[in-house]
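Written below as structure tokens is the structure these notes are about.
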Amino acid sequence: MNLSYDPLQLADDPYPVYRNLRAEAPVYHGQTAEGVTFWALSRYDDVEAAALDWETYSSAEGNDLDDTGLLFGPAPAMDCADPPRHTRMRGALRKEFSPAVIRARLGPVIQRKVQAAVDRLAGQEVVDFADELAYPLPAGLICDWLGFPEDDHDQLRRWHSVMLERSPGMMELPERATAARDEMWEFLDRELADRRARPRDDLLSVMARAQLAGELTQDEALANVLFLFDAGIVSTNAIIASALFHLRDAPDQWRLLRRNPDVAPSAVEEFLRFDAPFHWFKRVTTREVELHGTRIPAGERVILIWASANRDERRWENADRLVLDRPVQRHLSFNIGIHHCLGAGVARMELQALFRALAERMVEYEITGPVERRVTPSERTIVSMPAKVRWAR
């Protein structure tokens, strides 16, 4: 078998490799360029089962193969913890992320922000979909929800972008990324202290109350604030840009969305399935596992490739085609089980509102400039995508 997969190497189109993994090596054993060994699961049923089995596939050593986890400080955020620690941390936020609270608190805000974003761009002949729409829309929402002063939003965006910089194939974080992390941590520490002294009606105050109640330590509160900030931006940012990128090659699907904006909910699920915002996360086995005749020892790193699972031909017909009115089946882009994304409902509301608005206002577009991606191994984020746009009158 001549098959090579290194999750730390960013590929423009990794899907042919995923297809080969599913067909030839559903339990793949490999190593990164720096010699870190790992296993990889690529079929839907295997990835789903592993994600649900947190007792065997542990998150306690982090989600990444590289040093990304160091950005979040000495304590883990909830996504890098197992029960009971995970249960305690997630419990501190569960009420704020309930569907009823999300709809009441954020539904009208999302509609206003989407409308303002599209109004701002409508009429511009040239738009960078990534830089002018896909990033600022979710970044503005999570900054407001957390309660960060508007004067600090631009600085927070700069820190965040630099923190996500990586050298392809390298485990170690660049010095610029760690320096940005240190500055952002100082800012978050001050903001959290301010909410402990003067609580407000924002998500940061919820974290401060949880800390005062003993539900979170100081380091856990800071780690989870940064996690919510990052997660609140990255997933939605990645999907907005990738959806517009892939629709370029599926003009019939863009016409379908324009003819019937009510297809937006199924379209959003298809965008999520077709190109997951995070392509993989790491787990570590707590016991020996046998799968497809292969034994994975205890203590081994296992990559769960969400993006490959979402294109598994065993589950989806014509899995490599973007079909916006495809009957919705569960995909794994928001994870599953105890680590299912807390903010999935928020992201879906943002994405549905935005693609309805774009379908109503934007007639057609052509991507004109080079498409640039962020060099973050597990993340599929486009950071620049200039386009020529024709808007409805």
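The values are calculated or read from the model by the stated rules, or taken from the named source; none is laboratory data. Quick caveat, the model's predicted, so the values are computed rather than measured. Backbone-built Cβ (ideal geometry, glycine too); neighbour counts: all protein chains shown.
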Exercise. Enumerate the pairs (first residue in the range 165-183 and part of a loop (DSSP other than H, G, I, E, B); second residue anywhere and among the polar types (S, T, N, Q) and surrounded by fewer than 17 Cβ atoms within 10 Å (Cβ to Cβ)) with beta-carbon separation below 9 Å, excluding pairs fewer than 6 apart on the same chain, so at least 6 apart or on different chains.
Key: 168/9; 169/9; 173/167; 174/167
Practice problem: Select from the range 207-227 the residues that are surrounded by fewer than 23 Cβ atoms within 10 Å (Cβ to Cβ) and assigned to a helix (DSSP H, G or I) and write down the one among them that is farthest from the chain's Cα centre (by Cα). | Solution: 212
Quiz item: Quick check: anything in the range 248-266 closer than 19 Å to residue 138 by Cβ and either out of contact with any Leu (no Cβ under 9 Å at 6 or more places or on another chain) or modelled with pLDDT of 95 or more (or both)?
Solution: yes
Quiz item: Of all residues in the range 22-59, how many are in a helix (DSSP H, G or I), out of contact with any Leu (no Cβ under 7 Å at 6 or more places or on another chain) and farther than 17 Å from residue 275 by Cα?
Solution: 4
Exercise. Would you check if residue 18 is surrounded by 18 or more Cβ atoms within 10 Å (Cβ to Cβ) and touching a Leu at 6+ places or on another chain (Cβ under 8 Å)?
Key: no
Self-check item: Cβ pairs under 6 Å, 6+ apart, first in the range 205-229 and hydroxyl-bearing (Ser, Thr, Tyr), second in a helix (DSSP H, G or I)
Solution: 205/195
Quiz item: Quick one: what pairs do we get from the range 298-315, first residue among the aromatic types (Phe, Trp, Tyr), second not in a loop (DSSP other than H, G, I, E, B), C-beta under 9 Å, 6+ apart or different chains?
Solution: 306/47; 306/51; 306/278; 306/281
Quiz item: How many residues are of a type in the set (Gly, Ala, Ser) and over 24 Å from residue 166 (Cβ atoms) when one looks only at the range 9-38?
Solution: 2
Practice problem: Please enumerate the residues belonging to the range 333-370 that are touching a strand residue (DSSP E or B) at 6+ places or on another chain (Cβ under 8 Å) and under 20 Å from residue 233 (Cα atoms). | Solution: 333, 335
Quiz item: Would it be correct to say that residue 197 is surrounded by 15 or more Cβ atoms within 10 Å (Cβ to Cβ) and either modelled with pLDDT of 95 or more or closer than 20 Å to residue 347 by Cβ (or both)?
Solution: no
Practice problem: Please find, within the range 362-390, the residue that is nearest to residue 276 (Cα to Cα) out of those that are within 19 Å of the chain's Cα centre (by Cα) and not in a loop (DSSP other than H, G, I, E, B). | Solution: 379
Self-check item: Residue check for residue 43: within 18 Å of residue 296 (Cβ to Cβ), crowded, with 21+ Cβ neighbours inside 10 Å and over 21 Å from the mean Cα position of the chain (by Cα)
Solution: no
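One line per residue, one yes/no per condition, for (1) touching a His at 6+ places or on another chain (Cβ under 9 Å); (2) not hydroxyl-bearing (Ser, Thr, Tyr):
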| site | (1), (2) |
| --- | --- |
| 279 | no, yes |
| 288 | no, yes |
| 294 | yes, no |
| 301 | no, yes |
| 308 | yes, no |
| 326 | no, yes |
| 330 | no, yes |
| 334 | yes, yes |
Self-check item: Check on residue 263, in contact with an Asp or Glu (Cβ under 6 Å, 6 or more places away or on another chain) and buried (at least 19 other Cβ atoms within 10 Å of the Cβ)
Solution: yes
Quiz item: Just for the range 70-129: of the residues that are in contact with a Lys or Arg (Cβ under 7 Å, 6 or more places away or on another chain) and either among the charged types (D, E, K, R) or modelled with pLDDT under 90 (or both), which one is surrounded by the most Cβ atoms within 10 Å (Cβ to Cβ)?
Solution: 71
